[in-house]
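Some notes on the structure that comes next.
The values are calculated or read from the model by the stated rules, or taken from the named source; none is laboratory data. Being a predicted model, the structure only gives us computed values, none of them experimental. FYI the Cβ positions are ideal-geometry reconstructions off the backbone, even for glycines, and counts take in every protein chain you see.
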There are 2 protein chains.
Amino acid sequence: MADRSQPHPARLSRRRLLGGAAAAGAAGAAGIGWGAAAVTHRDHDRDPGLDTVAFYGAKQAGIATEPPLHAAFVAFDLKPGSRREDVIGLLKIWTDDASRLTQGKPALADTEPELAARPARLTVTVGFGPELFTAVALEDQRPHWLKPLPPFGIDKLDAAWCGGDLLLQICAEEATTVSHAVRVLSKHVKSLVTVRWVQRGFRNAARGQTMRNLMGSVDGTVNIAPGTVDFDRLVWDDGSSRPWLAGGTSMVMRRIAMNLETWDELDAEGRALTIGRTVEDGAPLSGTREFDVPDFAAVDRYGIPKIPPSSHIARAHRTHDGERFLRRGYNYDDAPAPGHMSNSGLLFASFQRDIDAQFLPVQRRLADFDALNQWTTPVGSAVFVIPPGVPGPGGYLGQQLFESAAAQR
Amino acid sequence: MADRSQPHPARLSRRRLLGGAAAAGAAGAAGIGWGAAAVTHRDHDRDPGLDTVAFYGAKQAGIATEPPLHAAFVAFDLKPGSRREDVIGLLKIWTDDASRLTQGKPALADTEPELAARPARLTVTVGFGPELFTAVALEDQRPHWLKPLPPFGIDKLDAAWCGGDLLLQICAEEATTVSHAVRVLSKHVKSLVTVRWVQRGFRNAARGQTMRNLMGSVDGTVNIAPGTVDFDRLVWDDGSSRPWLAGGTSMVMRRIAMNLETWDELDAEGRALTIGRTVEDGAPLSGTREFDVPDFAAVDRYGIPKIPPSSHIARAHRTHDGERFLRRGYNYDDAPAPGHMSNSGLLFASFQRDIDAQFLPVQRRLADFDALNQWTTPVGSAVFVIPPGVPGPGGYLGQQLFESAAAQR
């Protein structure tokens, strides 16, 4: 939900193309342009449930790849007494399972091999929580930003949705595919871990359009386009601080509950002033189209800012170019607690090279004040480092960490 | 999960065409043939998220219509002191909301009208629980079969998943569409009801193929094909007992938890002997193809029945032609309880004209003995009468009941 107000990446490229900021007022600019090239097998004459995304690569899939309709996020805790060899063994199992399932093949010893037959663009992305580095005695290799987020005044965190030593982000176009992958990857390592939480989400939009969250707002207008210089710089680590992390990144996972009962009391104008964008088409209140760059200096004829300074996009707006991150969120809608009518919100997932430098300044501003806070409550929070990908068969996820010079000492 | 073993309806029609039972051994027969005619607007050149299913009709949609990918089942209780006028008012609201949402239009006073823009074959089906008839003082109009199912030895029912005065079955191809419809229909009547339970499910299959449940089994091979004489006879009430119910039916909702941990211990042969069908292609163990009619008398060379008499399909097999019903089930996969690895199963939803005559005999046999019971546990149970449809604008769901001669006394 944070930071709707960064200039649109496609627009930025175009500006560069056109020779600078003078072109900033030009209309146009379409959707974010996810990396379609990452889909290695898509044939529109055949069943899209058979489409696959490559597993092997310098980076893990599921980040620069276009978010499919369904996702499950699963956090695990290592059982007490787990050693480095246990973790390496687990990661080898996950690597082997994911390399097969993502290509529409059953995992080894898959007890429901028929459920593997529809990969539906399945991606499996693995992350490490802060405590994992302690368990494997590699604390000195833990990135400095890999620690629980500081407490914020807006938080009402439930421990049931927080933390975790290991993360699986499992995404696919079909819910059954997600369920099968979660099941296989969880049970194959059940001697080593316990499940800490499972969060399932979904997103829908017309082709090329921005998804809407369950408040009805477009969510994800401003994002970083895969394949751009900005993306490479802002999302992927280059290994300059910790060589093993080159091609990796970080993930922040926030479970943000929506109070739809009180949100309903707000009309479209009230909602627009809260967000800083019109509800209908997502245009910033200073502009007319969703991808117009917000102009926070624009005032109406009475001198009042068109985009209220208290609005979500004004508060989220970066103070410099480095306060940007990739958002890849999903709606959730779970069974309501007794006496309640709904249990909905957003699974906010962001990817950035450095949580402290890119995510936290924005999050602090929003926590200090954001008109939207009246209707949203963070109830879960977790951070993970996403290790690089597996370049090819024979390797395993996290190998760069465990075979780093530090690990050999 | 019950009754996989009824002869396939397409096969039955073909048998009639070919002149009788002599053709029963012939190979062939494809999927169930859901009533595609019920989709009133589907244009393959445009976004399938814009497809609609007609709302008005002699029968409610969501029963003879092909099950889309996502469903939510929501049960409500009337608040104490609710009167007949309250219930009629609620049903008029639901009728108006559903007539708009299913056609891709916002409900009146829809606070998120943008979320209504993708109907995605949305259907809204309304049901009445047993106690509703008491609340509206029309006990004498309650069908004799509308009562909680008797307790079964296999049940471990959780009250949180049982009963309800009113039911909404909301189905669509997109999860966001389902969420928005649940939200609108729930909140517009919140002064009159409380939410008793919400159960969300999904199903996926290649076009024309049978869905698989999360045990990996094909689920729904044997079903009643919409548009056939059998369907009309077995699903739709003809009003002969209660005139108001002509064009209505009943719904049994069972939440069936799967113990995947122990199911995993069974190999493919063990699973086949448990179900009575091969796992790989769903063929009965007496045949070679999914839609082959099971031959329960077939024995191997040692005289042992090919389909074990204790298997699920042998136990579920009807003893006469009237023990059949329409199944329209969905998988569920919710967040596991602390200390558990999964929380999966089947939302079994069946439709039949008479629960006592059609559903209960099969359910009793399965409860008495079914090899599959070792791995499945019913944890929720509810029954509803599904009133007829709304023939056209101006009417409301349940009108036939409330304007029946009995109601006028």
Per the filter on the stretch A:47-99, residues closer than 20 Å to residue A:384 by Cα and without any contact (Cβ under 8 Å) to a residue 12 or more places away in the chain are A:80
Which listed residue is closer than 20 Å to residue B:386 by Cα and in contact with a strand residue (DSSP E or B) (Cβ under 8 Å, 6 or more places away or on another chain), from B:251, B:215, B:211 | B:251
Residue set A:64, A:98, A:72, A:107; condition touching an Asp or Glu at 6+ places or on another chain (Cβ under 6 Å) and under 20 Å from residue A:178 (Cβ atoms); output residue A:107
Within the stretch B:45-61, restricting to residues that are within 12 Å of chain A (Cβ to nearest Cβ) and assigned to a loop (DSSP other than H, G, I, E, B), the one that is modelled with the lowest pLDDT is B:46
Scanning the stretch B:80-94 residue by residue, the ones that are surrounded by 15 or more Cβ atoms within 10 Å (Cβ to Cβ) and over 22 Å from residue B:124 (Cα atoms) total 1
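Rundown of residues vs (1) charged (D, E, K, R); (2) in a loop (DSSP other than H, G, I, E, B); (3) at pLDDT 95 or above, yes/no style:
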residue: B:185; (1), (2), (3): no, no, yes
residue: B:191; (1), (2), (3): no, yes, yes
residue: B:196; (1), (2), (3): yes, no, yes
residue: B:215; (1), (2), (3): no, yes, yes
residue: B:223; (1), (2), (3): no, yes, no
residue: B:231; (1), (2), (3): no, no, yes
residue: B:236; (1), (2), (3): no, yes, yes
Out of curiosity, is residue B:123 of a type in the set (S, T, N, Q) and either within 14 Å of chain A (Cβ to nearest Cβ) or over 30 Å from residue B:377 (Cβ atoms) (or both)?
-> no
Of the numbered conditions (1) within 23 Å of residue B:253 (Cβ to Cβ); (2) within 14 Å of chain A (Cβ to nearest Cβ), residue B:145 fails exactly one; give the number of that condition.
-> (2)
Considering residues that are under 17 Å from the mean Cα position of the chain (by Cα) and surrounded by fewer than 21 Cβ atoms within 10 Å (Cβ to Cβ), the number found within the stretch B:184-197 is 0
Kindly establish whether residue A:261 is surrounded by 13 or more Cβ atoms within 10 Å (Cβ to Cβ), among the acidic types (Asp, Glu) and not in a loop (DSSP other than H, G, I, E, B).
-> yes
Return yes when residue B:319 is surrounded by 13 or more Cβ atoms within 10 Å (Cβ to Cβ) and of a type in the set (Val, Ile, Thr) and no when it is not.
-> no
Taking residue A:64, is it part of a loop (DSSP other than H, G, I, E, B) and touching a helix residue (DSSP H, G or I) at 6+ places or on another chain (Cβ under 9 Å)?
-> yes
May I ask you to list the residues in the stretch B:155-168 that are outside any loop (DSSP other than H, G, I, E, B) and either at positive phi or surrounded by 22 or more Cβ atoms within 10 Å (Cβ to Cβ) (or both)?
-> B:161, B:166, B:167, B:168
State which residue is farthest from residue A:210 (Cα to Cα) when the search covers only the stretch A:332-347 and only residues that are buried (at least 23 other Cβ atoms within 10 Å of the Cβ) and at the interface with another protein chain (Cβ under 7 Å from one of its Cβ atoms).
-> A:342
In the stretch B:121-147, which residues are basic (Lys, Arg) and either outside any loop (DSSP other than H, G, I, E, B) or touching a Phe, Trp or Tyr at 6+ places or on another chain (Cβ under 8 Å) (or both)?
-> B:142
Give the residue, chosen from B:310, B:286, B:350, that is surrounded by 15 or more Cβ atoms within 10 Å (Cβ to Cβ), more than 14 Å from every other protein chain (Cβ to nearest Cβ), among the hydroxyl-bearing types (Ser, Thr, Tyr) and in a strand (DSSP E or B).
-> B:350
Please go through the stretch B:376-409 and pick out each residue that is at pLDDT 95 or above and either in a helix (DSSP H, G or I) or among the β-branched types (Val, Ile, Thr) (or both).
-> B:376, B:377, B:379, B:383, B:385, B:386, B:390, B:399, B:400, B:401, B:402
Residue that is nearest to the other protein chains (Cβ to nearest Cβ) [pool: residues in the stretch B:184-209 that are over 18 Å from residue B:171 (Cα atoms) and among the hydroxyl-bearing types (Ser, Thr, Tyr)] = B:194
Taking first residues from the stretch A:169-183 that are within 9 Å of chain B (Cβ to nearest Cβ) and crowded, with 24+ Cβ neighbours inside 10 Å and second residues anywhere that are of a type in the set (Asp, Glu) and not in a helix (DSSP H, G or I), the pairs with Cβ under 6 Å that are 6 or more apart or on different chains are A:179/B:333
Residues (at the interface with chain A (Cβ under 9 Å from one of its Cβ atoms), more than 22 Å from residue B:381 (Cα to Cα) and of a type in the set (A, V, I, L, M, F, W, C)) located in the stretch B:210-227 | B:211, B:218
Within the stretch B:320-347, track down each residue that is outside any strand (DSSP E or B) and touching a helix residue (DSSP H, G or I) at 6+ places or on another chain (Cβ under 7 Å).
-> B:322, B:323, B:324, B:325, B:341, B:342
State all residues of the stretch B:99-120 that are more than 9 Å from chain A (Cβ to nearest Cβ) and assigned to a helix (DSSP H, G or I); if no residue qualifies, say none.
-> B:99, B:100, B:101, B:116
Going through the stretch A:363-408 in order, the residues found to be of a type in the set (Val, Ile, Thr) and closer than 17 Å to residue A:147 by Cα are A:383, A:385, A:386
Starting from residues that are charged (D, E, K, R) and more than 9 Å from every other protein chain (Cβ to nearest Cβ), keep the ones in the stretch B:266-280 and report whichever is surrounded by the fewest Cβ atoms within 10 Å (Cβ to Cβ).
-> B:269
Taking the residues in the stretch A:225-258 that are in contact with a Gly (Cβ under 9 Å, 6 or more places away or on another chain) and among the polar types (S, T, N, Q) as candidates, determine which candidate is surrounded by the most Cβ atoms within 10 Å (Cβ to Cβ).
-> A:250
Being more than 16 Å from the chain's Cα centre (by Cα), surrounded by 23 or more Cβ atoms within 10 Å (Cβ to Cβ) and either more than 14 Å from chain B (Cβ to nearest Cβ) or not basic (Lys, Arg) (or both) narrows it down to one of A:366, A:401, so name that one.
-> A:401
Return yes or no: is residue B:111 without any contact (Cβ under 8 Å) to a residue 12 or more places away in the chain and among the β-branched types (Val, Ile, Thr)?
-> yes
Which of the residues spanning the stretch B:236-285 are among the β-branched types (Val, Ile, Thr) and in contact (Cβ under 8 Å) with a residue 60 or more places away in the chain?
-> B:249, B:252, B:256, B:262, B:274, B:275, B:279
